[in-house]
Amino acid sequence: MVGGSDMKPKLYIIIPCYNEEAVLPITSSLFLSKIYQLVEDGKISDDSRIMF
């Protein structure tokens with residue numbers, strides 16, 4: 001149903017990462033776990049994304 005109250009918001013997180021290769025594995029893991037938790041809790045859509 002388009003526009004229904006059961007639609008979950010899509011969350012897009014944009015992370016600047018110029019010269020950050022050393023910490024990207026840690027950063028991506030932390031953000032991915034948070035995204036997965038929010039999806040599992042039904043707070044955001046599973047179409048949510050992280051962009052580096």
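A short reminder: the numbers here are calculations on the coordinates, not readings from a lab. Bear in mind that the values here come from a model prediction, so they are computed numbers and not experimental data.
Quick notes
- C-alpha long axis of helix 24-40 to longest principal axis of the chain, angle in °: 10 degrees
- Overall Cα dimensions of the chain, principal axis frame, Å, largest first: 43, 18, 9
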